[in-house]
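This report concerns only the one structure given below.
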Amino acid sequence: MNPYVPAFIGTVTKYVFIESPEYTPSDLALRAYEVSEGLMIKETCFGLQVTGSPDEVGRVVTSLRSIDPNHIFVKDRGFPPGDPRRCRANLGGARPGYYGHEFEVSSVIPYVSHGLEVLEGMDEKEFSELEMMPGKPGLRIPDVLDVKRLKELMDAEEL
Amino acid sequence: MKIFLYPATSLILSDLVERWGHEPLSAALPIRERIQTAGFESPPLQITPDDPKRGLRYAAVEVPSGIRGRMALYGPLIEEAEAAVIITDADLAFGCMGCARTNELILYLIREREIPVLDLTYPKNEEEGVVFVGAIRKFLADLNGGGGE
């Protein structure tokens, strides 16, 4: 058995995913470099990986999220970026866990972003009046057709 | 509050729980603890022979070591959790890194804890997206005593 000497002890790594029509991972990376102090930042095809002290990572992630809150999603990562046990450069194929992220980012996040946008428009009183649906998971939302959405439907009909 | 997520690797759940001021208990936390602890090399996840022994707290000795090893990661999170959000149709929880029997045991142990649990399915259109996000926000707000964000 070989001894194991861990790297990056005491650090945290966070994934920052972006699925935005207005911003790209490079925009995020630029902002991260602007606001960070002593963090390791890796730009990827889906966003960034940010590694460093928990407080500093938290501060930078909060700043990044404010760019486009409804289209930026953050989660913890156990491994630091480029770790040979996880990096696809060493494994030859998708990184373990990639397919889970791919499913959520491509198939679910657009709907979640829409949900966040709709709820953003509600004030606290309006939201607190919503009730959970009895016997079904989820929330009863009043059937309101957004004006923007109605315009899109009308435009599509005219084509 | 500490919220257990199922699937524990879910990006969406982890983000929404953190976004509304709670602490998500995801798979990354016990993995990070292991890979940042010195010892003997045991790639890829630094799951050592001690972990299936720790898993005996949650599963019997005749249960495969893979389940006990996984429970050494998830079991303490379930014990720590004060509430849970579960996605019931998460196929990604089963595959090369997941285990169907471990998943059954995780869900059973969450129910046994009798903590507040929110069951959801992944949204498949924009309307369901609103319902999904709203349900999580409402659930988390109610945990705070209905105080919202």
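Among B:ILE47, A:ILE72, A:PRO110, which residue has its Cα positioned farthest towards the positive end of the charge dipole of the protein assembly as shown, with +1 placed on the Cβ of Lys and Arg, -1 on the Cβ of Asp and Glu, and the dipole taken about the Cα centre?
Looking along the dipole axis, the top candidate is B:ILE47.
Using alpha carbons only, what's the Rg to Rh ratio of region B:11-149 with Rh from Kirkwood?
Working: Rg = 16.5 Å, Rh = 16.5 Å.
Rounded to two decimals, Rg/Rh equals 1.00.
Report, by chain and number, residues whose modeled amide H sits under 5 Å from the one on B:LEU118, excluding near sequence neighbours (fewer than 5 apart, same chain).
Residues meeting the criterion, in which the H sits 1.01 Å from N, are B:ALA84, B:VAL85, B:ILE86.
So if R0 is 30 Å, what FRET efficiency would A:GLU158 and B:THR88 give, r being the distance between their Cβ atoms, rounded to the nearest 0.05?
Values: r = 41 Å, r/R0 = 1.36.
For R0 = 30 Å, the calculated efficiency reads 0.15.
For the pair A:ALA7 and B:ASN144, how long in nm is the line joining their label points, each one 7 Å along Cα→Cβ?
With each label placed 7 Å out from Cα toward Cβ, I get 3.9 nm.
On C-alpha positions alone, give me the angle between the axis of helix B:65-80 and the longest principal axis of chain B, in degrees, nearest 10.
40
What accessible area per residue, rounded to a whole number of Å², is obtained for region A:4-123 using a probe radius of 1.4 Å? Before the final figure, lay out each step's value.
Working: 5570 Å² over 120 residues.
Here the per-residue accessible area is 46 Å².
Below 8 Å, C-alpha to C-alpha, sequence gap of six or more: please give me the relative contact order for region B:2-143 in percent. Intermediate results must be reported in sequence, preceding the final value.
On the way: 169 pairs, mean separation 36.5, N = 142.
Across region B:2-143, relative contact order equals 26 percent.
Give the ranking of B:GLU18, A:GLU104 by solvent-accessible surface, highest area first, calculated with a 1.4 Å probe. Could you put the intermediate results ahead of the total?
On the way: B:GLU18 55, A:GLU104 5 Å².
Reading off the accessible areas and sorting them downward yields B:GLU18, A:GLU104.
As a test of the definition: with a 1.4 Å probe, what buried accessible area, both sides summed, do you compute for A against B, in Å² to the nearest 100? Please list the in-between numbers first.
Details: alone 11330 and 8790 Å², together 15730 Å².
Using a 1.4 Å probe, the pair buries roughly 4400 Å².
Inside 10 Å of the C-beta atoms of B:38-47, what's the mean count of C-beta atoms belonging to other chains?
On the way: counts 5, 5, 4, 5, 3, 4, 7, 5, 4, 0.
If you average over the peptide's residues, the count of other-chain Cβ atoms is 4.
Can you work out the accessible area per residue across region B:2-143, with the rest of the protein chains kept in place, probe 1.4 Å, in square angstrom?
Values: 6070 Å² over 142 residues.
For region B:2-143, the solvent-accessible area averages 43 Å² per residue.
How large, in percent, is the carbon and sulfur part of the accessible surface of region B:2-143 at a probe radius of 1.4 Å? Let's see the in-between values first.
Working: 3300 of 6070 Å².
For region B:2-143, the apolar C and S fraction of the accessible surface comes to 54 percent.
Determine the shielding of peptide A:90-103 by partner chains: average, over its residues, the number of Cβ atoms on other chains within 10 angstrom of each Cβ. List each step's numbers first, then the result.
Working: counts 0, 1, 0, 0, 0, 0, 6, 8, 0, 5, 11, 4, 1, 5.
Counting other chains' Cβ atoms within 10 Å and averaging over A:90-103 gives 3.
What does the accessible area of B:LYS124 come to, in Å² to the nearest 10, when a probe of 1.4 Å is used?
120
Cross-link list A:LYS75/B:LYS2; A:LYS125/A:LYS148; A:LYS151/B:LYS138; A:LYS14/B:LYS124; B:LYS2/B:LYS53: which exceed 20 angstrom alpha carbon to alpha carbon? Walk me through the intermediate numbers first.
Numbers: A:LYS75/B:LYS2 15 Å; A:LYS125/A:LYS148 23 Å; A:LYS151/B:LYS138 30 Å; A:LYS14/B:LYS124 27 Å; B:LYS2/B:LYS53 26 Å.
Beyond 20 Å: A:LYS125/A:LYS148; A:LYS151/B:LYS138; A:LYS14/B:LYS124; B:LYS2/B:LYS53.
Taking a 1.4 Å probe, which of A:ARG149, A:ARG86 shows the most accessible area, and what order do the others take after it? Spell out each step's value before the answer.
Numbers: A:ARG149 95, A:ARG86 25 Å².
Of A:ARG149, A:ARG86, the descending order of accessible area is A:ARG149, A:ARG86.
Please state, as a whole number in µm²/s, the translational diffusion coefficient that the Stokes-Einstein equation yields for the protein assembly as shown at 4 °C and 1.567 mPa s, with Rh defined as the Kirkwood radius across alpha carbon pairs. Mind showing how you got there, number by number?
On the way: Rh = 20.7 Å.
It comes out at roughly 63 µm²/s.
Which stretch or stretches of region A:1-32 have amide N atoms under 15 Å from the point lying 7 Å from B:PHE40's Cα along the Cα→Cβ direction?
A:1-5
Step through the residues of region B:25-31 one at a time and calculate ³J(HN,Hα) from phi using the Karplus curve (6.51 cos²θ - 1.76 cosθ + 1.60, θ = phi - 60°), rounding each to whole Hz and writing x for Gly and Pro.
For region B:25-31, the Karplus curve yields 9, 10, 4, 5, 5, x, 5 Hz.
The values are calculated or read from the model by the stated rules, or taken from the named source; none is laboratory data. Just so we're clear, the structure is a prediction, and the values are computed from it rather than from any experiment. Please note: Cβ atoms are built from the backbone with ideal geometry, for glycine as well, and neighbour counts cover all protein chains shown. Side chains included, ligands, DNA and RNA excluded: accessible areas come from the protein's heavy atoms. Shrake-Rupley method; radii C 1.70, N 1.55, O 1.52, S 1.80 Å.
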